[in-house]
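Chemist: Following this message is one structure expressed as structure tokens.
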Amino acid sequence: MFLLRGHVALKPRISRLFSSLPTLTLFSKDPCPLCDEAKEQLEPLRHRFVLQQVDISLPQNAVWRQRYALDIPVFHLNGRFVMKHRVDLQLLDSLLRDEQGTGGQEDT
């Protein structure tokens, strides 16, 4: 997630940049040491996607809690399941290259 500060004129350019990147969704909860470790492992590729975190312990995310309670961390790329339990950087790199080539995004 991003905390943006600064001049208002930069916000449209920044939002266009973020919207052109694929969205990697991390299904997690707090605390989740495995999720924290997974986020650290993502750092080498971090400039190639926008990270969206979904806290499955929140009431509004009950559907995700039922689906992934015993499997977090779980990752979706542009709304598609890609991995769980641990980060596979080679797989993610390959999927991000595919996304870059097609430029397609799906709803999450």
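Read-outs throughout are calculated quantities, based only on the coordinates presented, and are distinct from any laboratory measurement. Owing to the predicted nature of the structure, the values given are computational and were not obtained by experimental measurement. FYI the Cβ positions are ideal-geometry reconstructions off the backbone, even for glycines, and counts take in every protein chain you see.
Chemist: Taking the simple approach of a point 7 Å from Cα along Cα-to-Cβ for both Gln66 and Met83, what is their distance in nm?
Modeler: Taking the simple label geometry, Gln66 and Met83 are separated by 2.9 nm.
Chemist: Here is a further query. Add +1 for every Lys or Arg and -1 for every Asp or Glu among the other residues with Cβ under 13 Å from the Cβ of Cys35, and state the total.
Modeler: Details: positive: Lys29, Lys39, Lys84, Arg86; negative: Asp30, Asp36, Glu37, Glu40, Asp55, Asp71.
That works out to -2.
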